[in-house]
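The values are calculated or read from the model by the stated rules, or taken from the named source; none is laboratory data. From a predicted model like this one, the values you see are computed outputs, not experimental measurements. Counting neighbours? That spans all protein chains shown, and the Cβs are built from the backbone with ideal geometry, glycine included. The protein model used for the area step is the full one, side chains on, heavy atoms only, and it has no ligands, DNA or RNA in it. Shrake-Rupley method; radii C 1.70, N 1.55, O 1.52, S 1.80 Å.
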Amino acid sequence: MNKKPMIALLAALLPGLAAAHTIQVGEMLPSAAVSDKGEITLQGDDIVYQNWNSSQLPGKVRVIQAIAGRSSAKEMNAELMQAITAAGLPAEEYQTTTIINQDDAIWGTGSFVASSAEDSKRDFSWSSMVLDAEGGVHATWELQEESSAIIVLDKESKVLFVKEGKLSPSEIEQALSLVKANL
């Protein structure tokens, strides 16, 4: 049997196998920053963007929802977001941070993604919303395209939980339990 075609096939498949995120449970969250767009803030009724950096995260227990700029990615883990809202977590100790990869939007919908993010900030003013126009955070953390990643951090930004894709009911329970245990 000629092994060269088999080796070539395996070599072609390896990059796909190696494409895993760089976030590890028990480690500190890798540093990332957004300067094109950035954190969405409210000044009165006006939306203002400011640079965002992951070094701003320590101090509160957080769930980071890093999503593609697509409604399908937003809906992927909506159950967890609803469970968090229903839990009534104390704002002085907990915050959700949503990072939206505008660069991973369906072609021609980037302005709608930005408008939706701004509307979400108005609706959930206590939540941290970051619009990443160039997809730098997703690239730095090597996150999957067209997907959602959920990352639970303790108050020092150590990763307690990470999962890309839709969370199962038991994973939702696990993530929420970790949040509550670390408040």
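Which whole-Hz couplings ³J(HN,Hα) result when phi for each residue of the stretch 64-76 is put into the Karplus expression 6.51 cos²θ - 1.76 cosθ + 1.60, θ = phi - 60°, listed in order with x for Gly and Pro?
Whole-Hz 3J(HN,Hα) from phi for the stretch 64-76: 9, 10, 9, 10, 5, x, 9, 4, 5, 6, 5, 6, 3.
Give the relative contact order (percent, whole number) for the stretch 69-176; include only Cα pairs under 8 Å separated by 6+ residues.
Details: 122 pairs, mean separation 34.8, N = 108.
The normalised contact order for the stretch 69-176 reaches 32 percent.
Quick one, can you get me the convex hull of the C-alpha atoms of the stretch 95-183 expressed as volume per residue in Å³?
It comes to 109 Å³ per residue, whole-number rounded.
What ranking do 51-59, 107-115 get when scored by the average of other Cβ atoms within 10 Å per residue, highest first? Show your work: numbers first, answer last.
Details: 51-59: 16.0, 107-115: 13.3.
So the order, starting with the most tightly packed, is 51-59, 107-115.
Given H placed on each backbone N at 1.01 Å, which residues far from Ala32 in sequence or on other chains put an amide H within less than 5 Å of it?
Ser54, Ser55
Kindly give Rg over Rh for the stretch 33-183, based on alpha-carbon atoms, with the Kirkwood expression for the hydrodynamic radius.
Details: Rg = 14.3 Å, Rh = 15.4 Å.
Using Cα coordinates only, the ratio equals 0.93.
Provide Lys121, Lys166 ordered by accessible surface of protein heavy atoms (probe 1.4 Å), highest first. Don't jump to the answer; show the numbers that get you there.
Numbers: Lys121 15, Lys166 110 Å².
If we order Lys121, Lys166 from most to least accessible, we get Lys166, Lys121.
Would you be so kind as to identify all helices of the chain, as entire DSSP H runs, whose Cα atoms reach 15 Å or more along the helix's own axis and whose mean Kyte-Doolittle hydropathy is at least 1.6? Mind showing how you got there, number by number?
Working: long enough: 4-18 (21 Å, 1.67); 110-123 (20 Å, -0.85); 169-181 (18 Å, 0.18).
Once both thresholds are applied, what remains is 4-18.
Run the quick spin-label model on Thr109 and Trp126: label points 7 Å from Cα toward the beta carbon, then report their separation in nm to one decimal.
3.0 nm
Under a Cβ-only charge scheme (Lys and Arg +1, Asp and Glu -1), can you give me the dipole magnitude of the chain about the Cα centre, in debye to the nearest 20? Walk me through the numbers on the way to the answer.
Numbers: 14 positive and 24 negative charges, 125 e Å.
Its charge dipole is roughly 600 debye.
First measure r as the distance between the Cβ atoms of Val48 and Ser170, then evaluate 1/(1 + (r/R0)^6) with R0 = 35 Å and state the FRET efficiency to the nearest 0.05. Let's see the in-between values first.
Values: r = 40 Å, r/R0 = 1.13.
FRET efficiency, Val48 to Ser170: 0.30.
For Cα pairs less than 8 Å apart in space and 6+ apart in sequence, what is the mean separation divided by the residue count of the chain, i.e. the relative contact order in percent?
Numbers: 340 pairs, mean separation 57.2, N = 183.
This gives 31 percent for the chain.
Just going by the charge dipole of the chain, with Lys and Arg at +1 and Asp and Glu at -1 on Cβ, which of Ser170, Gly110, Ala78 is farthest out on the positive end?
Ser170
Grab the Cα-Cα distance for Lys180 and Ser31, subtract it from 0.36 nm times how many residues apart they are, and report the gain in nm with one decimal. Each step should come with its number before you reach the end.
Working: separation 149, 0.36 × 149 = 53.64 nm, distance 2.46 nm.
Between Lys180 and Ser31, full extension yields 51.2 nm more.
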